[in-house]
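> Below are the structure tokens for one structure; questions will follow.
The values are calculated or read from the model by the stated rules, or taken from the named source; none is laboratory data. What you see is a predicted model; the values in this text were computed from it and never measured. Cβ placement follows ideal geometry from the backbone for every residue including glycine, while neighbour counts extend to all protein chains displayed.
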Amino acid sequence: MTMHHTLLALSLALLGGNAMATFPGSGAIEARPDPANRIVGLWTTTVYVTPCQGGPVFTINGASVFHAGGTLGETNTSPTTDRGPGQGIWRHLRRGEYKTKFRFFTYQSDGSLDAIQEIATTTFLNNRATQYEATVSARVLNPDGSLRFELCGEATGVRVNLD
């Protein structure tokens, strides 16, 4: 192992604690072979939500990145001037089942904070770890933290591959 690889492995160990570097000749870095990490990667998503009391269904397309160790990032097709990035956490419950929670901020046209959105899912990964289905529960909060309304729905995800 070269000095560069040794320093990279040490940096990964110090930063993530849950990631392990392997160097099979090509210098590739892989997540630990932990069953929980089957969800790690980039996913395209389609979310269908409606007000929990009933109403029109909204479709949202986006992307989620699950990081080894239990953090995630999320974005969608909403204009970036209207919302910030989604950041959150995930936890493996049992084979193929995960809980996630993330939040993002939305803004008014003058740039002031409009709302805080908190989204929780129960996600079920298929056996090949190429697709998932999820139930969605979302709360839209006013800037002071009081509840504005709740959304309920479903989501699907498809893993993005290099091929």
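> What are the residues in segment 81-96 that are assigned to a loop (DSSP other than H, G, I, E, B) and in contact (Cβ under 8 Å) with a residue 40 or more places away in the chain, if any?
Across segment 81-96, the qualifying residues are 95, 96.
> Condition check: touching a Pro at 6+ places or on another chain (Cβ under 6 Å) and of a type in the set (A, V, I, L, M, F, W, C). Does residue 113 satisfy that?
Judged against the criteria, residue 113 is a match.
The rows are residues; the columns are (1) among the basic types (Lys, Arg); (2) farther than 17 Å from residue 154 by Cβ; (3) in contact with a strand residue (DSSP E or B) (Cβ under 7 Å, 6 or more places away or on another chain).
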position	(1), (2), (3)
44	no, no, yes
52	no, no, yes
55	no, no, no
79	no, yes, no
88	no, yes, yes
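> Taking segment 38-80 only, how many residues are modelled with pLDDT of 90 or more and either acidic (Asp, Glu) or not in a strand (DSSP E or B) (or both)?
Final tally of qualifying residues: 13.
> A further question follows. Which of the residues belonging to segment 123-163 are at pLDDT 95 or above and among the basic types (Lys, Arg)?
139, 148, 159
> In segment 141-163, which residue that is within 30 Å of residue 131 (Cβ to Cβ) and aliphatic (A, V, I, L, M) is surrounded by the fewest Cβ atoms within 10 Å (Cβ to Cβ)?
Filtering first and then ranking leaves 162.
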